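Enquirer: A single structure is presented below for examination.
The values are calculated or read from the model by the stated rules, or taken from the named source; none is laboratory data. None of these values were measured; they are calculated from a predicted model. Note that we place each Cβ from the backbone using ideal geometry, even for glycine, and neighbour counts take in every protein chain shown.
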Amino acid sequence: MSDMEQGYHYNVMRRAIEMIDAGDEAKSLEDLAGEMGMSPAHFQRLFTKWAGVSPKRFQQYLTLGHAKVLLHDHFTTLDTSNAVGLSGSGRLHDLFLRWEAMSPGEFARKGSGLVIYWGWFPSPFGLSLVMGTDKGICGIGFAAEMGEEESMEDLRSRWPEAQFVEAPERLRPWVEAAYAGRAEAGGKVPLHMIGSPLQIKVWEALMRIPSGEVTTYSEIARVIGKPNAVRAVGTAVGRNPVSWLIPCHRAMRKSGGLGGYHWGLPVKRALLAYETAQAEAG
C-alpha cells in the first residue's frame, strides 16, 4: 500500500469511527458507504483492504466494551515474555526492533548536545511525526486528534536542549520498515529510548506485549518490581514518546476501561481494533 493510500484509507476509517460513535446502534454497510459518498461495494473493498476485515466486523472491535473482551480473551502476563530473554539484542516486538537506552545522565541534560532529525510521514493511523537520532527512532506522534503544530511542540518539549533538524529522507528507511512491521535483509529497526530510569523500565515492559494482546497498568507495575506504583507507571506509559512501536495502546485499566492515550482515545481505539482485525485476518 502506498503512502498516499495509507493516509486516505485512515481518513475514511476515521470518518467511519465518528459515524459509529454518533449513534447507539451499529451502522449498516449502506449507511456507512453513503456517508462516505461511495458505493457499498467500493467502501467494503477499500475498508477491508485497510483493516483486513469487513466494516461490520471492525465495528465490533471499536465498541467501548471491546476493551473488556480483550482483557478477558487476550490478556497477557509479562512473566512469560520475560522467559524468552528480553535484552537489548533480544526478542522485541515481533523480532524486528532493537533498542538502546540513553543513560540517566544524558537524559538529565534534556537533549543538550543531541541532534534530533524529524519528518512527517503517512501511517496506517493518519499523519505521523517521526523523530530520530543517529542511533534510532526516538519519537513518533500522531496528529489526527492533536494537530500538527501541537504534536511538534509536544515531542520537541521532551528534549528542549536538543538541536532539531528536518531530515525526512534520513529517517525514511526506518519509518517504512517500522510501519510495515518488519526490517529488510535481516536488519532491525533501531529505537533510541530517551527517558528516566523508571520510564525506560516501563517502556521495556510494554515491548513485551505481543501484537493483538493487552495487559494492565497494575501488571506492568508488578513485573517491574513496583506493585504499589500503579499511578507512576500509568504516567510513564503516557509519556512514551515512541507510539505504536512501544505499544502503550496495549495497556489498560484493570476494570476493562481503556485508560488514557496521549495522542487521543479515538487513535487508541483504532490501534486496538486494527491489531485485533489483523490477528483475526492472519
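Enquirer: Filter the stretch 194-217 for residues that are hydrophobic (A, V, I, L, M, F, W, C) and either in a helix (DSSP H, G or I) or not assigned by TED's automatic domain parsing to the domain that holds Pro160 (or both) and give the result.
Expert: Leu198, Ile200, Val202, Trp203, Ala205, Leu206 - these are the residues of the stretch 194-217 that are hydrophobic (A, V, I, L, M, F, W, C) and either in a helix (DSSP H, G or I) or not assigned by TED's automatic domain parsing to the domain that holds Pro160 (or both).
Enquirer: Looking at the stretch 109-135 only, could you name the residues that are part of a strand (DSSP E or B) and over 17 Å from the mean Cα position of the chain (by Cα)?
Expert: Val115, Ile116, Tyr117, Trp118, Gly119, Thr133
Enquirer: Could I ask something else about it? Tally time: how many residues in the stretch 244-274 are modelled with pLDDT of 90 or more and of a type in the set (Ser, Thr, Tyr)?
Expert: 0
Enquirer: Now for a different question. Could you pull out the residue among Ala177, Ala221, Ala167 that is out of contact with any Ser or Thr (no Cβ under 8 Å at 6 or more places or on another chain) and at pLDDT below 90?
Expert: Among Ala177, Ala221, Ala167, only Ala177 is out of contact with any Ser or Thr (no Cβ under 8 Å at 6 or more places or on another chain) and at pLDDT below 90.
Enquirer: Considering only the stretch 218-265, state which residues are more than 20 Å from the chain's Cα centre (by Cα), of a type outside the set (Lys, Arg) and part of a loop (DSSP other than H, G, I, E, B).
Expert: Ile224, Gly225, Pro227, Asn228, Ala229, Ser255 - these are the residues of the stretch 218-265 that are more than 20 Å from the chain's Cα centre (by Cα), of a type outside the set (Lys, Arg) and part of a loop (DSSP other than H, G, I, E, B).
Enquirer: Continuing with the same structure: List the pairs whose first member sits in the stretch 263-282 and is within 15 Å of Ala143 (Cβ to Cβ) and outside the structural domain of Phe125 (by TED's automatic domain parsing), whose second member is at pLDDT 85 or above and not charged (D, E, K, R), and whose Cβ atoms are under 9 Å apart, counting only residues at least 6 apart or on separate chains?
Expert: Within 9 Å, no pair qualifies.
Enquirer: Just to be sure I understand the filter: pairs with C-beta atoms under 7 Å, separated by 6 or more residues or on different chains, first member in the stretch 5-29 and closer than 14 Å to Pro55 by Cα, second member in a helix (DSSP H, G or I) and at pLDDT below 70. Which pairs pass?
Expert: Correct list of pairs: Lys27/Ile20.
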